[in-house]
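Chemist: Right, I'll just put the structure down here and ask away after.
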Amino acid sequence: MLAQLDELYAQSLDSLATAVNTAVLDAWYKDTLGRKGSIYLLTRQVGQLPAEERPAFGQRVNAVKQELETAYEARLAELKAAELQAEMTASAIDVTLPGRKQWRGGLHVATQTLREIYRIWGDMGFQVYRSRDVETDEYNFELLNIPPHHPARDMWDTFHTTTPGVILRTHTSPGQVHAMHDYYPEPIRVILPGMCYRYEQITARSELQFHQVEGLAVGKNISMADLKGTLTDFARRMFGADRQVRFRANYFPFTEPSAEMDVECIICGGDGCNVCKYTGWVEILGCGMVHPTVLRNGGYDPAVYSGFAFGMGPERIAMLKYRIDDIRYFWGNDLRFLEQF
Ligand code: PHE
């Protein structure tokens, strides 16, 4: 039986050495040193030995058990280390790979242009005054000297809401009257930026919605010369110090006299191109001296006060500056367009 034990010992050591992973090792332990393992089964036969041989056999069994335990521990440590190493290799990060591109958000080109406009008017002493997008017919038209059925209403195709008399503003001019009601009797220097809405066919040049930046100056002794000087200064700050501008007479019900301001075409420098329709000039705003009726509607006595107003289109300005030939790009949400700014 001692010989049997030695053979079992040798075999067990052999198979321990060939255990390739911890799972196989666990099975080995169960089969060898476990409660019903091969060593145990052998010790159950101790009764077959003559009594005087039993102590020597018992000692040998204990020694074998002890040695197998030690061998097992050593093999276990070895396999665990190997498995950890394999896992680390499999999940390793190659630090020499190039990084992934990080996407950065940016400001919409219309927002950038608006901010530039705010900055220039801010430098010139004008505050930003906000008023609502949903307006009443009264503020959008009537208080601006455009009574119901006035033919000038055709200049602004209007989105109506289901509530009679409540509309989406067709221009930022109603803000003029709100500002006057707020400021009276103080002098006023404000710009009124915001989205406007028109019920129109969408084309390369006109959208259903677009921004305007309205301007209003009210005080004593404000003249047409102030209007021309201030707007010329704006154009030079916006487009460059040697830009030429020109004023053309025009008609708006809420200003008298009224004009439009053109800037020398930035693209061709005045030589003529398809952006300026070969005129050399591009219109960027409407303006005029605030109509006495509108001053009165705002609470200012036109015998004492006067003022000028203007309304410009930031998308127009951006189109001119960046050679954008279709206004539909602005709200089309095409990243290929938006990422260029
Ligand atoms: N509100 C006018 C428009 O939408 C522009 C304008 C504003 C003209 C102020 C004169 C004065 O066309």
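Derivation of every value follows stated rules applied to the coordinates shown; laboratory data play no part. Model, not experiment: these values are computed from the prediction. Please note: Cβ atoms are built from the backbone with ideal geometry, for glycine as well, and neighbour counts cover all protein chains shown.
Chemist: Per the chain: cysteines with no other Cys C-beta under 4.7 angstrom?
Modeler: Flagged as lacking a Cys partner: Cys196, Cys287.
Chemist: Above 16 angstrom, tally the Cα pairs of segment 1-96 and express them as a % of all pairs, no decimals.
Modeler: 60
Chemist: Computed over the Cα atoms of segment 102-209, what is the convex hull's projected area averaged over all directions, in nm²?
Modeler: With every direction weighted equally, the projected area is 10.1 nm².
Chemist: Which order, highest average first, do 267-277, 42-52, 212-222 follow once you tally other Cβ atoms within 10 Å for each residue and take the mean per peptide?
Modeler: Ranking the peptides 267-277, 42-52, 212-222 by packing returns 212-222, 267-277, 42-52.
Chemist: Need one number for the chain: average projected area of the convex hull over its C-alpha atoms, nm².
Modeler: Taking the Cα atoms of the chain, their convex hull projects to 34.0 nm² on average.
Chemist: Charges on Cβ only, +1 for Lys and Arg, -1 for Asp and Glu, centred on the Cα centroid of segment 2-90; of Ala51, Asn62, Ala77, which one is farthest towards the dipole's positive end?
Modeler: So the residue furthest toward the plus end is Ala51.
Chemist: Grab the chain and count how many Lys pairs have their alpha-carbon atoms under 27 Å apart, sequence gap of 8 or more, or different chains.
Modeler: 9
Chemist: Can I ask one more? Note down the relative contact order for the chain as a percent, whole number, built from C-alpha pairs under 8 angstrom at least six residues apart.
Modeler: Over the chain, the number comes to 15 percent.
Chemist: Might you report the magnitude of the Cβ-based charge dipole of segment 2-90 about its Cα centre, with Lys and Arg at +1 and Asp and Glu at -1, to the nearest 20 debye?
Modeler: 360
Chemist: Using Cα centres only, tell me the gap between segment 235-273 and segment 14-89 in whole Å.
Modeler: 98
Chemist: Which of Gly219, Val24, Gln127 sits closest to the plus end of the dipole of the chain, meaning its Cα is farthest towards the positive end, when Lys and Arg get +1 and Asp and Glu get -1 on the C-beta?
Modeler: Toward the positive end, the furthest listed residue is Gly219.
Chemist: State to the nearest 20 debye the size of the charge dipole of segment 126-226 about its Cα centre, where the only charges are +1 on K and R beta carbons and -1 on D and E beta carbons.
Modeler: So the magnitude is around 200 debye.
Chemist: Rounded to the nearest 0.05, what FRET efficiency is calculated for Gln209 and Gln244 with R0 set to 35 Å and r the Cβ-Cβ distance?
Modeler: Here the calculated transfer efficiency is 0.65.
Chemist: Another question, then. Would any residue of segment 176-199 have its amide N under 11 Å from a label point 7 Å out along Cα→Cβ of Tyr118? List them or say none.
Modeler: Only 193-194 pass the distance filter.
Chemist: Here's another thing I want to ask about it. If you place +1 on the Cβ of every Lys and Arg, -1 on the Cβ of every Asp and Glu, and leave all else neutral, what size is the dipole of the chain about its Cα centre, to the nearest 20 Debye?
Modeler: The calculated dipole for the chain is roughly 360 debye.
Chemist: Starting from 0.36 nm per residue, how many nanometres of slack lie between Asp334 and Leu76 once their C-alpha separation is accounted for?
Modeler: So the chain would gain 86.8 nm between Asp334 and Leu76.
Chemist: While we're on this one: May I ask which residue of Ala3, Leu114, Cys287 lies farthest towards the positive end of the charge dipole of the chain, with charges of +1 (Lys, Arg) and -1 (Asp, Glu) on Cβ and the Cα centre as origin?
Modeler: So the residue we want is Cys287.
Chemist: If packing is taken as the average number of other Cβ atoms within 10 Å across a peptide's residues, how do 191-200, 294-303, 148-157 rank, most packed first?
Modeler: The most tightly packed comes first, giving 191-200, 294-303, 148-157.
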